[in-house]
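Remarks on the structure that follows.
Any read-out appearing in this document is the output of simple, stated calculations on the displayed coordinates, not a laboratory observation. Predicted model only: the values in this text are computed from it and were never measured. Virtual Cβ from ideal backbone geometry, glycine too; neighbours counted across all protein chains shown.
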Amino acid sequence: MKEPGKGCRNSAFPFNFASMIKNGYGMHVMKKAKEKEMVVLGIKSMALAEHQESDDQDHPKAWYHPIEDFETARKAVSYSVSQGVNIIIPPGDFESFKWAVKIEEGGLTLTNEDLDALKAIANGTVPLFPLKQR
């Protein structure tokens with residue numbers, strides 16, 4: 001693996017709307033990646049929160065609780081892109097993959113109303129990636 005800035009031109013990181021909005025998680029990584037003109041691969045853009053008991057049956061491949069409706073997924077992916085993510089890596093289940101393709105084909109726009117809706121969701125959610133003191 002190449003050291004960042006030494007020929008490596010991409011960065012993969014869990015850029016997740018709830019974590020980014022609620023506590024700024026990942027924003028320092030995004031800033032550094034953009035300073036180095038890196039391509040940013042966003043993982044977990046369609047994640048919502050920590051794993052829930054029902055996820056064992058409803059989402060057996062996920063170790064977290066995914067977004068379960070298309071419109072929220074669309075807003076979440078659009079938010080990640082609006083913050084600087086160049087490419088999203090969709091979840092491993094086929095239905096989420098189909099959503100990701102449909103979202104990309106429909107255009108990645110984020111309205112003020114979309115952002116307000118995401119903020120409301122994020123503020124009522126325990127983020128998957130809490131920010132820890134460094």
Query raised in the report: Can you give the calculated 222 nm mean residue ellipticity of the chain, where each DSSP H run of n ≥ 4 adds -39,500 (n - 2.57) and the sum is split over every residue, rounded to the nearest 500 deg cm²/dmol?
Result: -12500 deg cm²/dmol
Query raised in the report: Given [x] 0.99; [y] 0.96; [z] 1.13 as candidate values of Rg/Rh (Cα atoms, Kirkwood Rh), which corresponds to the one derived from the coordinates?
Result: [y]
Requested in this report: Report the charge-dipole magnitude of segment 10-123 in Debye, nearest 20, computed about the Cα centre from +1 at each Lys and Arg Cβ and -1 at each Asp and Glu Cβ.
Outcome: 660
Requested in this report: Work out how much length TRP63 to ASN23 would gain on full extension: take 0.36 nm times their residue separation and subtract the Cα-Cα distance, in nm to one decimal.
Outcome: 12.3 nm
Query raised in the report: Structure shown: which of LYS61/LYS102; LYS44/LYS98; LYS75/LYS98 lie over 19 Å apart, alpha-carbon to alpha-carbon?
Result: LYS61/LYS102
Query raised in the report: What list of ³J(HN,Hα) couplings, whole Hz, do you get for segment 86-95 from phi and the Karplus terms 6.51, -1.76, 1.60, once you set θ to phi - 60° and write x for glycine and proline?
Result: 8, 9, 9, 9, x, x, x, 8, 5, 5
Query raised in the report: Between ALA73, GLN52, ALA33, whose Cα lies farthest towards the positive end of the dipole of segment 10-123 when Lys and Arg beta carbons carry +1 and Asp and Glu beta carbons carry -1, centred on the Cα centre?
Result: ALA33
Requested in this report: Just grab the label-to-label distance for GLU37 and THR109, each label 7 Å out from Cα along the Cβ direction, in nm (one decimal).
Outcome: 3.1
Requested in this report: Scan around HIS51 for amide H atoms under 5 Å from its own, H built in the peptide plane at 1.01 Å from N, and keep only partners 5 or more places away or cross-chain.
Outcome: HIS65
Query raised in the report: Got a sec to turn the phi values of segment 107-121 into Karplus ³J(HN,Hα) couplings, 6.51 cos²θ - 1.76 cosθ + 1.60 with θ = phi - 60°, whole Hz, x for Gly and Pro?
Result: x, 9, 9, 10, 8, 4, 5, 4, 4, 4, 5, 5, 4, 5, 5
